[in-house]
Every structure is written in structure tokens, then in C-alpha cells.
Amino acid sequence: MDILKIEGKHHLKGKIAISGAKNAALPALAATILCGGNFNITNIPNLNDISTFLQLLKELGAETDDTGMPQNNLVINTGKLNGYEANYELVRTMRASILVLGPLMSRLGKARISLPGGCAIGARPINFHLKGLELMGAKLHLKEGYVEAKSARLKGAEIYFDTVTVTGTENLMMAAVCAKGKTILKNAAREPEVVFLGEILLQMGAKIKGLGTSTIEIEGIKELKPVNIKIIPDRVETGTYIMAVGACGGELIIENTQPMHLQAVFSKLREMGLTIEEHNNSILVRKKGSLQSVDVKTMPYPGFPTDLQAQLMVLLTVSNGLGVINETIFENRFMHVAELLRMGADIKVEGNRAVVKGVKELTGAPVMATDLRASACLVLAGLAAKGKTSISRIYHLDRGYEQMEKKLSVAGAKITREKTRQHF
């Protein structure tokens, strides 16, 4: 089992290049199911979740050439796709597996998908996906932990999401592109990753209106074509490295990113005292002096993203004053608080609300990651802390951050990955 060891209080200086977005790459991979042919994908992050999803595509009959993965390139051929089952052993660690449900129904008219796993940060039910497919004419059964779905050809429908759902919007977009008639998705997600998937589908020949708004209209067509895909930069990774400067100080140029996707984050970080200069595809972030506390409420895009809540909490622990975080997306996303308390943080949790009082400094300690973004939070806490921090269970980190310790090391952080023996 790998652990990260960090010696804190070293300022960052230099450049960090942002990888392709995991949350854009996974639905893009799912979209290759929709039609046969060769898909050339570039800027794809080399992550555990990507490897798992590629294995899932292979199980469905896709052929993959991942010899270019060290250079973040991939070729997928879905011409011989014939499988329709995503089994439990493959998908238990990754919630995004549910994204194959819509495209399998679109192309094969049947699917058998294990209920997904992933980070333990809340219930995150898939009832919106299933309700939408039923409205489109699918016959669904839940049996022995699997969703079984069948339909000769899906039909267009008007679907309203009671709660904004990113994967639900993406799944039903893919289900609708070849359905008979028009599908209207209301209260749809507006995240950049959803827009990116829509743009891929448009290139494949789909007819879609309203991307980036809360109402998406899709006119079904009979056939799509394969395309070349370049994955957009990861806005969460970008935000994490910006906050790393806030945690330990310094000046950093962040390259290969899209600043427009992080305006709500920039607003809060500037309010706290960070200097952020936006350029076309890069950001300069600088910390001078101490940070000031702010209040934050997580919301669907374009609001402050829940995937950066844990990282921001680290900054609040070493800021002047009192800050309040209201988590409105997931009901169980404060599991990192217990580990921050071990490092000397002053945090009180009241339901979906965390009250953070800034302290003079954090102190290094052995801590354990509980989910993907909590892992990044603990890395930032280690960078900010006096002394040494060791982080275990970093397999969570490897699901969503490509070579994080190497990128930070090049920028001046004292961080190493080591193997340790498991004790039972």
C-alpha cells in the first residue's frame, strides 16, 4: 500500500501543467459505445478510474490501444461491441460506471448494470437515471444488485430532474441522441463536463440545443459517427493547485487550463487574499500575507463546486477569523474533518454546516484519506503544516489526480510516495 509523506512549510514556485479532466473523460469514453468505429482520444488522464472504465469497455467488446497512455493518447474501436453487462467486480469502486447504461440502451436496446460504488460521500441515488429511461419507454428491473433494462427503441420524452444531476443529465443525453422523437431535459446540469459531452455528441452527428442551460432539447437521429476527442482540462485539479499556493505560499503558473470554468472559485479565493491573474490557457496565482476567512456554500455549476469544498476548508483552517461552509450537494462530505482535527484544526460540524476557526498553524500527523477529494485536502493540509505528515489510503487520490506528488515536487514541495507494509 502506498503512502504520501510531506514535509510542510515549503513555498511553491514554478509551473504545473493541468491534466485532462477525469469527469469529462469518463462520459466521453461512455459515448464511444453509441456507434461503431475508431475513436482517437487525446489529453486523457492516466488514472485508475480511466483504467477501470477501459476494462469495462473491453468487457463489452470494445478494442482499445492504450500504448499511448503514458503520453495521454488512446484509441478505441467499438465496431464489435456485443456485451451489455457491467459486472459488480468491475464497477464497485467507480460510480461513473452507470454512464454506460444510457449508451447501451441507445445502441443495443438492453443493459445489465451493477449498482455503482465509488467514494462514500453520500447516497447519490440513480433514481433520476432510471425514471428518465422509463419515461423513454425502457422496461426496468432491479435484481440482485443489478439494473436490468430493455427497449426495442427508446422514445423521446419530457424529463424533469427534481435535483440537478450531472451523471443523470449525461446518461439521458446519450440515451436520447438516437431515440425516436424529441427529448427535453429540464433542470439539467450545466457543468462544463456536461457541455463538453454535448459537444462530442454534436460532432458525432447528434441534434442538441440548449447546452450550458437548464433546458436541453435533443432530436433523436438513427445513426452517429465516430470522432476524434480532446479531453478538456480538469477544473478541479486546477482549483486544487491554486489552493495549494494558498496553503503553503509562493507563486505558481498553472498551464493548460481554462480559467472560465472557475469563476466562482476565483471570487472566493480573491476575497481571501490570493492574487489570481487569468490568461487564455493559464493562471498565475500568488500569495502575499495572511488569508482572511470567508463563508462558502457549495452549489451546482456555476456555483462553488462541492469537489473543491474539502480543499477550501484547509485554507480556512489557517486563515484569520471564522468561516462557514454549507455543503448542499452531498450529505456525507465532511469525513475529512476528523483528520484535519488531528492536525490541530478548529472545526465544528453541525449537519451539513462546518464552522472553521482559523488557527496559527497546523501540525503534521499521520492521517488517512476517506475519499478522492478528502485525499487532496490532506495533501494541502500537509503542505501547510509544520513538521511531517503521512497520508495513507492514497489509492483514492490516484482515482482523480495524475502524478500529484511529482507535479508538486517539481514546484518545490517536499512530498514523496513510499510503499509500506499492511498490518492485519
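VAL359 to GLU148: extension gain in nm, 0.36 nm per residue of separation minus the Cα-Cα distance?
70.8 nm
Within region 1-23, what residues put their amide N at less than 13 Å from the label point 7 Å along the Cα-to-Cβ vector of THR416?
Taking a point 7 Å out along Cα→Cβ of THR416, the residues of region 1-23 whose backbone N falls under 13 Å are 3-7.
Order these peptides, 223-231, 288-296, 161-169, by their mean beta-carbon neighbour count within 10 angstrom, highest first. Walk me through the numbers on the way to the answer.
On the way: 223-231: 17.7, 288-296: 15.9, 161-169: 19.7.
Put in order of decreasing packing, that is 161-169, 223-231, 288-296.
Under the √(5λ) rule applied to the eigenvalues of the Cα gyration tensor, what semi-axes describe the equivalent ellipsoid of region 22-230? Give them in Å, descending.
In descending order the semi-axes read 23, 19, 17 Å.
My understanding is that a pair violates if its Cα-Cα distance is over 32 Å; which of LYS297/LYS419; LYS348/LYS419; LYS80/LYS230; LYS22/LYS414; LYS357/LYS407 do that in this structure?
Beyond 32 Å: LYS297/LYS419; LYS348/LYS419.
Considering the options ILE329, PHE53, SER392, tell which one lies farthest towards the positive end of the dipole of the chain, charges being +1 on Lys and Arg and -1 on Asp and Glu at the Cβ, about the Cα centre.
So the residue furthest toward the plus end is SER392.
As an exercise, find the ratio Rg/Rh for region 181-260 from alpha-carbon atoms, using the Kirkwood inverse-distance average for Rh.
1.14
If you take the charge dipole of region 22-230 about its Cα centre, with +1 on Lys and Arg Cβ and -1 on Asp and Glu Cβ, which of GLY210, THR67, ALA31 is farthest toward its positive end?
GLY210
Within region 248-286, what residues put their amide N at less than 16 Å from the label point 7 Å along the Cα-to-Cβ vector of LYS297?
Taking a point 7 Å out along Cα→Cβ of LYS297, the residues of region 248-286 whose backbone N falls under 16 Å are 264-265, 268.
For region 25-93 and region 212-232, compute the distance between their C-alpha centroids and round to whole Å.
18
Using 0.36 nm times the number of residues separating ASP2 and ASN256, minus their current alpha carbon distance, what extension gain do you get? Walk me through the intermediate numbers first.
On the way: separation 254, 0.36 × 254 = 91.44 nm, distance 2.83 nm.
Length gained between ASP2 and ASN256: 88.6 nm.
So what is the calculated 222 nm ellipticity per residue for the chain, using -39500 (n - 2.57) for each DSSP H run with n of 4 or more, over all residues, to the nearest 500 deg cm²/dmol?
-8500 deg cm²/dmol
Restricting attention to the alpha-carbon atoms of the chain, what are Rg (one decimal) and Dmax (integer), both in Å?
21.5, 64
Any read-out appearing in this document is the output of simple, stated calculations on the displayed coordinates, not a laboratory observation. These numbers come from a predicted model, not from an experiment. Ideal geometry is used to build each Cβ from the backbone, glycine not excepted, and the neighbour counts take in all protein chains shown.
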